[in-house]
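Here is the structure we will look at.
The values are calculated or read from the model by the stated rules, or taken from the named source; none is laboratory data. Source: prediction; values computed, not measured. Here the Cβ is made from the backbone with ideal geometry for all residues, glycine too, and neighbour counts use every protein chain on show. Ligands, DNA and RNA are excluded from the accessible area calculation, which covers all protein heavy atoms including side chains. Shrake-Rupley method; radii C 1.70, N 1.55, O 1.52, S 1.80 Å.
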Number of protein chains: 2
Amino acid sequence: MLEIKIEKTTNPKPIPDKDNPLVFGTIFTDHMFEMDYTDGKGWHDPRIVPYHNLELEPSAMVFHYGQEMFEGLKAYKTEDGRILLFRPDKNIERANHSNRRLMIPEIPEDIFMEAIKQVVKIDEAWIPTKEGTSLYIRPFVIATDPFLGVRPSYTYKFMIILSPVGAYYPEGLDPVKIWIEDEYVRAVRGGIGEAKTGGNYVASMASQMKAHEEGYSQVLWLDGVERKYIEEVGAMNIFFKINGTVVTPMLNGSILSGVTRRTCIELCKSWGVPVEERKVSVDELEEAARTGALEEVWGSGTAAVISPVGHLRYEDDVFQIGDGGIGELSQKLYDTVTGIQLGKIEDKFGWTVEV
Amino acid sequence: MLEIKIEKTTNPKPIPDKDNPLVFGTIFTDHMFEMDYTDGKGWHDPRIVPYHNLELEPSAMVFHYGQEMFEGLKAYKTEDGRILLFRPDKNIERANHSNRRLMIPEIPEDIFMEAIKQVVKIDEAWIPTKEGTSLYIRPFVIATDPFLGVRPSYTYKFMIILSPVGAYYPEGLDPVKIWIEDEYVRAVRGGIGEAKTGGNYVASMASQMKAHEEGYSQVLWLDGVERKYIEEVGAMNIFFKINGTVVTPMLNGSILSGVTRRTCIELCKSWGVPVEERKVSVDELEEAARTGALEEVWGSGTAAVISPVGHLRYEDDVFQIGDGGIGELSQKLYDTVTGIQLGKIEDKFGWTVEV
Ligand SMILES: Cc1ncc(COP(=O)(O)O)c(C=O)c1O
Ligand SMILES: Cc1ncc(COP(=O)(O)O)c(C=O)c1O
């Protein structure tokens with residue numbers, strides 16, 4: 001494995017007050033990881049350096065042709081002072097899955113993991129400790145060739161930046177209202193939906209703004225072909241508890257394979273709760289809501305962990321889930337996942353990785 | 001209208017030899033246009049400055065959420081020394097159409113037009129004059145907020161850079177071989193296909209590489225829903241002459257509304273050639289190729305202007321168009337469009353704009 005060179009900052013920034021609520025994604029730590037790719041040479045010069053601005057030519061391909069990949073995971077500080085990562089191997093695997101679809105060269109897994117650990121360790125003092133807070137880790141790759149023309153870039157930059165974050169949803173574990181989108185489409189099978197890349201997110205913004213204006217905090221996407229089957233939320237996968245069975249849309253190429261999704265499925269199965277990964281239509285949901293069979297709905301994602309859903313709106317129909325509050329299974333999943341992440345509950349699955 | 005400030009370079013670069021073939025998109029001129037957007041303040045500080053690197057935070061939204069828009073048009077030097085732009089108003093309109101879909105604030109049309117003219121004028125000496133060459137103009141917008149989280153950015157940068165270019169297809173007006181893609185999908189109705197934005201191009205790269213390996217220079221996309229109807233080529237719209245009628249896929253939300261497409265339609269109509277904008281299925285094409293009704297196929301785009309297609313491949317079937325050479329109408333369109341662009345043919349339509 002390549003050795004990671006380290007250059008420490010000589011000008012550390014003040015660390016934000018740990019008791020202050022932190023706004024998601026606005027503050028960055030003192031250091032970042034960087035590694036370059038050059039065609040013919042591969043990935044080279046892994047280094048941890050002071051957090052700094054990037055200098056790129058205006059013709060850098062990332063600005064024009066969208067060749068960019070990102071990941072998102074978190075580091076947690078346990079009560080006894082250890083630093084835990086949650087299933088970072090899954091993020092690394094997914095990053096390379098995205099890279100393949102986007103024609104970005106794969107990143108060696110060993111150096112990727114080591115880079116995460118070392119950069120988190122160096123900025124350890126930035127990991128907040130207040131309930132619900134964590135250090136958000138953002139690995140990402142951009143295409144840097146100064147070239148106008150559509151082809152994969154010959155050069156790339158891989159970086160990891162860190163941001164201390166509070167709860168993603170300022171309301172905390174409060175049920176959210178979700179808007180089922182019937183006009184815009186986020187992704188379609190055969191496209192780039194299952195890659196974690198900018199194009200999928202910009203595609204979602206118009207709908208998100210519309211939903212916000214209507215008082216809904218998130219958008220639930222339908223498939224791009226039949227506009228009938230549930231896909232996922234803007235930055236979460238989605239789960240339904242119907243008549244005692246947990247149902248979630250199957251991975252079909254157009255939705256992201258969420259690490260939290262996988263975790264929910266594995267936990268439910270370990271508890272003896274039946275889980276089905278399959279197609280779920282809006283019709284099925286409306287029917288289940290009407291008959292009372294729709295017991296719980298929640299979103300799963302790194303940022304929010306578990307986000308109970310209180311209401312769904314599809315066209316002019318609004319349906320409440322259960323009593324509109326937090327479901328029992330949603331709460332249990334939230335408590336278990338965050339408990340394991342914070343080292344408060346025994347990690348029987350070997351999901352956490354100590355830094 | 002805001003006044004454009006001008007700062008000229010004190011360190012001009014050598015201008016490439018006008019008789020040397022220029023590789024597309026690799027050389028940039030001495031100046032660029034820049035304008036910033038700030039929420040609450042709007043677009044401000046339009047300026048022409050020496051071509052320079054951009055400095056951005058690693059958290060700048062463009063690197064993560066794909067909020068980027070671009071355009072492409074050309075300036076030509078006529079034999080009598082005038083500088084002509086070709087239908088720049090259409091590019092400006094389309095830019096704002098893209099901006100709306102991408103939740104990027106619209107750019108005032110008057111300043112956009114003035115910016116193109118002034119920056120081209122300043123770097124006038126860079127416009128190559130050899131047959132087939134021109135000055136490629138690349139306006140683009142990127143989201144610059146240093147923020148991790150999915151929402152439209154509050155700040156943007158709009159730039160125009162210029163690149164002297166040779167013929168896009170080094171072979172010149174030589175028929176190309178095109179691969180009809182049946183696995184990957186570029187865009188789907190309801191998505192961002194009709195916006196000129198990075199996400200659509202990165203989505204196309206995997207297929208393009210596959211086609212190249214098979215000896216095909218371009219990919220022809222099918223619709224994302226039924227995978228049956230023709231959409232467009234990677235960076236061109238597509239036309240078929242079937243039994244004397246010109247047929248091109250209708251604008252359906254998932255293909256780009258090409259300026260050259262519009263020009264082809266208007267020219268054909270002015271010549272009394274019937275034109276149909278409608279759905280075109282692969283089956284119809286295969287049938288037309290088999291019976292000899294498929295007389296010509298060509299792509300239309302700013303880079304290549306008109307690109308005759310000699311062969312199409314769909315799955316295991318390869319079909320030759322006519323005698324595999326350059327069709328009569330393709331040649332006439334090429335000669336007419338380039339003639340008007342270079343001021344050699346009278347511009348009856350008022351398409352050219354003198355700088
Ligand atoms: C589109 C999308 N779906 C689902 C998820 C959930 O994935 P994970 O649980 O790995 O965070 C995310 C992101 O984090 C996402 O961006
Ligand atoms: C996807 C796509 N389709 C079509 C075109 C042709 O458009 P225009 O004729 O305006 O250049 C382009 C680009 O230039 C393009 O990128």
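Values computed for the structure shown
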read-out: Of A:158, A:86, A:147, the one that fluctuates the most in a GNM where chain A has Cα springs shorter than 10 Å; value: A:147
read-out: For chain B, size of Cβ-based charge dipole, Lys and Arg +1, Asp and Glu -1, in debye; value: 640 debye
read-out: Span from the segment A:9-77 Cα centroid across to the segment B:135-211 one, whole angstrom; value: 25 Å
read-out: Trypsin sites (Lys or Arg not before Pro) within segment A:1-82: DSSP coil, no more than 16 neighbouring Cβ in 10 Å; value: A:8, A:18, A:41, A:82
read-out: Degrees between helix B:88-101 axis and first principal axis of chain B (Cα, 0 to 90, nearest 10); value: 90 degrees
read-out: Only Lys, Arg (+1) and Asp, Glu (-1) charged, at Cβ; segment B:169-321 dipole about Cα centre in debye; value: 560 debye
read-out: Rounded tilt (10° steps) of B:198-213 against the dominant C-alpha axis of chain B; value: 40 degrees
read-out: List of segment A:42-61 residues, accessible area with partners at least 20 Å² below that of the chain alone (1.4 Å probe); value: A:51, A:53, A:54, A:55, A:56, A:57, A:58, A:59
read-out: FRET efficiency for residue B:262 and residue B:110, using Cβ-Cβ distance with R0 set to 22 Å, rounded to 0.05; value: 0.50
read-out: For segment A:201-216, residues shielded by at least 20 square angstrom of accessible area compared with the chain on its own, probe 1.4 Å; value: A:201, A:202, A:203, A:205, A:206, A:208, A:209
read-out: Loop sites in segment A:210-260: trypsin sites (Lys or Arg not before Pro), DSSP, at most 14 other Cβ within 10 Å; value: A:228
read-out: Using alpha-carbon coordinates, inclination of helix B:259-270 to the longest axis of chain B, degrees; value: 50 degrees
read-out: For residues of A:137-147, the mean tally of beta carbons on other chains within 10 Å; value: 3
read-out: Within 10 Å of each Cβ in A:94-103, the average number of Cβ atoms from other chains; value: 2
read-out: Exposed-loop-free span, longest in chain A, where GluC sites (Glu not before Pro) count as exposed if DSSP calls them loop and at most 11 other C-beta atoms lie within 10 Å; value: A:227-314
read-out: Estimated [θ] at 222 nm from DSSP helical runs (n ≥ 4, -39500 (n - 2.57)) normalised by residues in chain A, nearest 500; value: -7500 deg cm²/dmol
read-out: Average beta carbon contacts from partner chains per residue of B:120-130, 10 Å cutoff; value: 0
read-out: Solvent-accessible area per residue for segment A:5-165 (1.4 angstrom probe, square angstrom); value: 36 Å²
read-out: At 7 Å out from Cα toward Cβ: residue B:42 inter-copy label distances (nm, ascending); value: 5.5
read-out: Per residue accessible area in Å² of segment A:176-341, where ligands, DNA and RNA are left out and the probe is 1.4 Å; value: 34 Å²
read-out: DSSP beta bridge pairing in the protein assembly as shown, given as percent antiparallel to the nearest 5; value: 80 percent
read-out: Gain on full stretching of the segment that runs from residue B:270 to residue B:212 - 0.36 nm per residue minus C-alpha separation; value: 17.2 nm
read-out: Carbon plus sulfur fraction of accessible area for segment A:176-341, probe 1.4 Å, in percent; value: 44 percent
read-out: FRET efficiency, 1/(1 + (r/R0)^6) with R0 30 Å, evaluated for residue B:124 and residue B:11 via beta carbons; value: 0.95
read-out: Assigned charges on the beta-carbon of Lys, Arg, Asp, Glu; segment A:1-143 dipole about Cα centre (debye); value: 320 debye
read-out: Teacher prompt: residue A:286 distances to equivalent labels in other copies, 7 Å Cα→Cβ, nm; value: 3.7
read-out: Positive-end residue of B:44, B:166, B:352, charge dipole of the protein assembly as shown with Cβ unit charges; value: B:44
read-out: Carbon/sulfur fraction of accessible area - segment A:5-165, other protein chains in place, 1.4 Å, %; value: 50 percent
read-out: Furthest towards positive pole of dipole, B:288, B:16, B:108, structure part chain B, Cβ charges; value: B:108
read-out: Total accessible surface hidden between A and B, rounded to 100 Å², 1.4 Å probe; value: 5300 Å²
